[in-house]
Structures are given as structure tokens and as C-alpha cells.
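Below is one structure, written out as C-alpha cells, with a few remarks after it.
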């Protein structure tokens with residue numbers, strides 16, 4: 001009789017231990033209430049940066065009239081980072097993409113620190129700062145200058161004059177070297 005009671009007692013204790021372990025696993029694996037909002041904010045920031053990289057600057061009639069927006073293949077991200085002398089155009093562009101319930105901060109990486117280009121914390125209707133959550137996405141902004149001159153004959157290489165004679169080595173200094181700047185940009189979305 002004692003062995004039976006001892007076995008039932010051990011079985012009940014084992015069952016209670018399993019219930020405790022499984023309930024601990026269940027409650028610790030439930031995603032937080034901010035998981036969906038974090039995923040949505042991350043998608044919003046990455047999609048906004050992608051849209052800025054793919055949108056030509058001259059597609060917007062307001063910016064197409066500016067001299068800093070004219071040129072070959074200048075996208076909106078390059079305009080915002082390099083060519084916009086005053087940062088007042090940043091909210092004009094980003095407010096079209098980011099809903100008013102989210103705040104945002106556009107930053108660039110300089111000298112091992114993030115420099116804030118614009119923060120929407122002061123705008124009416126936007127969150128005053130990152131209180132509950134913040135998530136960021138990254139992109140590279142390129143700026144090219146001193147483009148190579150076009151050849152006189154469109155069917156020739158840049159080092160040739162288009163004649164039948166084989167091309168020779170171009171003289172030094174005949175073709176300027178173009179320069180490029182690369183800047184890491186971060187768009188932080190917060191609530």
C-alpha cells in the first residue's frame with residue numbers, strides 16, 4: 001500500500017513540475033505587445049529610404065527648380081544629405097511617407113558618431129521623442145562630381161577619337177578623375 005501511495009505522489013509531483021515548466025515556456029515565448037508596431041516601423045523606415053533612393057530629384061516640381069537638384073541621376077536621398085543647404089526641405093519630403101503618429105530622425109555617420117540632420121520631435125502632431133520604441137534602417141547616399149567628359153564620337157571609347165587607327169594611351173591629365181562621397185544614412189522611426 002505504501003508503494004502505491006509513493007508512486008501516485010511521485011506521479012503528481014512530476015505532473016505539477018511539467019505544468020510549471022510548460023507554463024513558464026508558454027508565457028516567456030509570447031511576443032510583446034510592441035512586436036507588430038516594431039515590425040511595421042522597421043518596414044516603414046526601410047521603405048522610405050528605398051523610395052528616397054529610387055526617386056529622382058527632378059520628379060518633384062518644387063525641387064526641380066532648384067539649382068542643387070539639377071543634374072544627372074540625383075536622387076532625393078542624395079539631395080537631402082549633400083545638396084540641401086538648409087534642412088527645411090527634409091520634413092517636406094519625409095512627411096509624405098511617414099504617418100503623423102510616428103516621429104522620425106534622419107542622421108548621418110560622421111567621425112564615428114551620428115550627426116542629426118533632422119528630428120521631427122518639435123513638429124506639431126508628432127511624438128515628442130522616443131518613449132516607447134524606436135527602430136532604424138540604414139542606406140548609403142552617394143554623391144558623384146567631376147564627371148568624365150563625353151567623347152566627340154558616340155561610337156568610340158572614352159580613350160579613342162573614333163578613327164580607324166588603333167587607340168593609344170591617353171595623355172595624362174586629359175581625362176579628369178571623378179570623385180565620389182559615400183555617407184551612411186540612418187532613418188529612425190519612433191513613437
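Inspect segment 97-114 for any residue being loosely packed, with under 14 Cβ neighbours inside 10 Å and at pLDDT below 80 and give the result as yes or no.
Checking segment 97-114: not a single residue is loosely packed, with under 14 Cβ neighbours inside 10 Å and at pLDDT below 80.
Within the group 66, 123, which residue is more than 15 Å from residue 183 (Cα to Cα), modelled with pLDDT under 85 and touching a helix residue (DSSP H, G or I) at 6+ places or on another chain (Cβ under 7 Å)?
Numbers: 66 fails: touching a helix residue (DSSP H, G or I) at 6+ places or on another chain (Cβ under 7 Å).
The unique qualifying residue is 123.
Taking the criterion of being touching a strand residue (DSSP E or B) at 6+ places or on another chain (Cβ under 7 Å), surrounded by 13 or more Cβ atoms within 10 Å (Cβ to Cβ), over 18 Å from residue 180 (Cα atoms) and at pLDDT 80 or above, would at least one residue in segment 140-152 satisfy it?
No, that holds for no residue.
The values are calculated or read from the model by the stated rules, or taken from the named source; none is laboratory data. In this text the structure is predicted, and so the values were computed from the model without any measurement. Ideal geometry is used to build each Cβ from the backbone, glycine not excepted, and the neighbour counts take in all protein chains shown.
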